[in-house]
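Please treat every number below as a calculation from the coordinates, not as lab data. Just so you know, these numbers come straight off a predicted model, no measurement behind them. Heads up, the Cβs are rebuilt from the backbone with ideal geometry, glycines too, and the neighbour counts pull from every protein chain shown.
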Amino acid sequence: MNDFVGYRGRFAPTPSGPLHFGSLVAALGSYLDARAAHGQWLVRIEDIDPPRCPEGAASTILRQLETFGMEWDEAVMWQHTRNDAYQHALDRLIQRDLAYPCSCSRKQWQGLDIYPGWCREGVCDPTKPVAWRLRSDLGERPIHWQDRLFGEQQFDPAKLGDVVLKRKDGLWAYQLAVVVDDAEQQISDVVRGVDLLDNTPWQRQLQIALGLPQPRYLHLPLIVTAEGQKLSKQNLAPALAEDKQGVRQQLFQALTALDQAPPQALATEPPATQLHWAVANWSVAHLHPTEHRSVPLSMRPSTPPGD
Ligand code: GLU
């Protein structure tokens, strides 16, 4: 299974806004895991959904990574340039009858947990625009893997449903793009938030269907609000600090959130010093396999106006 030459990791943000504390922890986890393994660390901007990606957000993210001392290798990959590669992958799935066009709207199957596959044997309404879906029932199943933190995982993709690969509006969906690009960048180790753990079965099913190598996976605890929600733009998670003091403090707090128990004296040190310590001491064994960590008080989302 491990067809990789050496360790290659990546951070793959969707540029829907600036990085917040939750995304800092994900970036830092993948960075440290790569550097501790003397590996490469790449950045991929997942800008396949332009309406969700405000102008300038990607360059803000890259600047934030630099401010926090995380330097990447090689050129940044931009998903908006990868149309041909995604189409090629979809064509291969279609040839193998593992992808099908679907005219159904979500409204038609509301009340059901997953799309029931009505268009599998032929498009229900050929006059309507179609999305392309994966035949999750025909690919490899069940899917199992050993997550480096959460241990043995087993899922039946058919129970998760026929995920969309290309949307009705012609935009590519995350599941296909991430698999094609992880392979193109020869990613050996995916390190990301545990919110994506249950997306992994589709991704592994697609890797097998397309004959691509299967990376190892390490899912990291998620940073949540006091109410238990994932930090996000929607719940007004504040952007990362830009001032010297704030950057040092937040980097230290991110190391703490990753259970690395940094010595207190490190909290006021510049990013390079903190990262040097963290790479030398990185240990996945120190991470507790619990799904959530509370956001530090100073990085709690602000209360929405009018509340
Ligand atoms: N682009 C995804 C996000 O920002 C992460 C993709 C991944 O790490 O697989 O949530």
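Among residues belonging to the range 22-43 that are away from the ligand (no atom under 14 Å from the Cβ) and of a type outside the set (S, T, N, Q), point out the one that is surrounded by the fewest Cβ atoms within 10 Å (Cβ to Cβ). This residue is H38. The conditions of being of a type in the set (D, E, K, R), within 17 Å of the chain's Cα centre (by Cα) and within 26 Å of E140 (Cα to Cα) are not met by R167. Here the condition is being of a type in the set (V, I, T) and closer than 18 Å to A85 by Cβ; of I187, I143, it holds for I187 alone. Going through the range 213-261 one residue at a time, which ones are acidic (D, E) and under 17 Å from R148 (Cβ atoms)? Selection gives D259 alone. Of everything in the range 234-288 that is in contact (Cβ under 8 Å) with a residue 40 or more places away in the chain and farther than 19 Å from F68 by Cβ, the residue that is surrounded by the fewest Cβ atoms within 10 Å (Cβ to Cβ) is H288.
Per the listing R192, R204, the residue uniquely farther than 21 Å from R96 by Cα, charged (D, E, K, R) and under 19 Å from the mean Cα position of the chain (by Cα) is R192.
Listed by position, the helices (runs of 4 or more DSSP H) enclosed by the range 145-214 that each have at least 2 residues that are surrounded by fewer than 20 Cβ atoms within 10 Å (Cβ to Cβ) and touching a helix residue (DSSP H, G or I) at 6+ places or on another chain (Cβ under 8 Å) are 174-184. With respect to (1) touching a residue at least 40 places away in the same chain (Cβ under 8 Å); (2) surrounded by 15 or more Cβ atoms within 10 Å (Cβ to Cβ); (3) in a loop (DSSP other than H, G, I, E, B); (4) away from the ligand (no atom under 13 Å from the Cβ), the lone exception for L90 is condition (3). The residues of the range 33-56 that are in contact with a strand residue (DSSP E or B) (Cβ under 9 Å, 6 or more places away or on another chain) and either over 25 Å from A85 (Cα atoms) or not in a loop (DSSP other than H, G, I, E, B) (or both), listed by number, are D33, A34, R35, A37, G39, Q40, W41, L42, V43, R44, I45.
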